[in-house]
Amino acid sequence: MGWPKGRKFYGHGATVVVDGRTTHSRSAGELHTGQRVAGNLIETDSEVRKMRNAETILSIIRKRGQHGLLVNDVYRLLYQKDLYLRAYGKLYRNDGAMTEGVTSETVDGMSLEKIDTIINALRYEKYRWTPVRRVYISKKNGKSRPLGLPTWSDKLLQEVIRSILEAYYEPQFSDHSHGFRPKRGCHSALREVIKKGKGTKWFIEGDICACFDKIDHTILINILKDKFLDNRFICLISGLLKAGYLEDWKFNATFSGVPQGSVAGSIFNTFIIVCKFQFKSLGPMPIYIGCKPIRLNAKI
């Protein structure tokens, strides 16, 4: 008889057990809707989804990000309740969790039913972003900075979206970048300066004026479309960007920028800056000018 060769199917539908899951081998041409092929084994989507948790999902996305691979069908991940529980664990300790947006909804009314409501609205594509409430805080130079305060449901969904985007883009960011990144900040930047900056004669300090306010929505969406092949996911983010804000209870449309103070605003700001302005000290690097990738030789 010999050993099976190549990728041919053998057997007559006998039960196969893999990692505690029971599935069935089928001959070619017998695939049904909702099933996928993994090697010569077929698993139903429902079986796979039951075994996924938040860290497993984000780990898969992170690995694709490390290799720059395309991601599709991301919108369906927003049906995973475990992602919202993880988001809740990150948000409920923050002081802003009890801050109201344009409604009285805060973390105080959090429940599993609220998560189910969000998921059901997403499933039928009925979820609508609420305009943020705009307030102003004072800066050290005497000027004021606008902040956008979203509702609690919007914060929760934004954190889920942020975690997905962060898992994909974080492996692609430069090791020398420290702003708005997990386990990084001023102290990690200073440690790098102390470690690698010996003999340095001077530093360059710069500031991007009104960075959050001037982000171009078209460029942002086109950068996302380059890697995320899911129109529903892209439309959901586009709706977030265009949700507008209320100032003195008067609605204002948003044609550019992301709300400073929103949960997802920092990741939008970070990866668009990286895609447009990140330079490497050695060799050329592709960056985005407008929507077209070009290459330049940047020397620092």
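The values are calculated or read from the model by the stated rules, or taken from the named source; none is laboratory data. Quick caveat, the model's predicted, so the values are computed rather than measured. Counting neighbours? That spans all protein chains shown, and the Cβs are built from the backbone with ideal geometry, glycine included. To get the accessible areas, we keep the full protein, side chains included, count just its heavy atoms, and leave off ligands, DNA and RNA. Shrake-Rupley method; radii C 1.70, N 1.55, O 1.52, S 1.80 Å.
Against the definition (open to solvent by 30 Å² or more (accessible area, probe 1.4 Å), more than 21 Å from Gly65 (Cβ to Cβ) and at pLDDT below 85), how does Arg134 come out, yes or no? No: the conditions fail for Arg134.
Across the stretch 68-94, the number of residues qualifying as among the aliphatic types (A, V, I, L, M) and either open to solvent by 70 Å² or more (accessible area, probe 1.4 Å) or over 23 Å from Asp108 (Cα atoms) (or both) comes to 6. Annotation note: Cβ proximity below 6 Å between a residue of the stretch 233-251 that is within 16 Å of Leu149 (Cα to Cα) and in contact (Cβ under 8 Å) with a residue 12 or more places away in the chain and a residue that is polar (S, T, N, Q) and not in a loop (DSSP other than H, G, I, E, B) (sequence gap 6+ or interchain) occurs for Gly244/Asn252; Tyr245/Asn252.
Hand me the list of helices (runs of 4 or more DSSP H) wholly inside the stretch 178-270 holding 3 or more residues that are farther than 25 Å from Tyr127 by Cβ and either open to solvent by 60 Å² or more (accessible area, probe 1.4 Å) or at pLDDT below 90 (or both). Hits in the stretch 178-270: 186-196. Gly142 falls short on exactly one of the conditions (1) at pLDDT 95 or above; (2) part of a loop (DSSP other than H, G, I, E, B), and that condition is (1).
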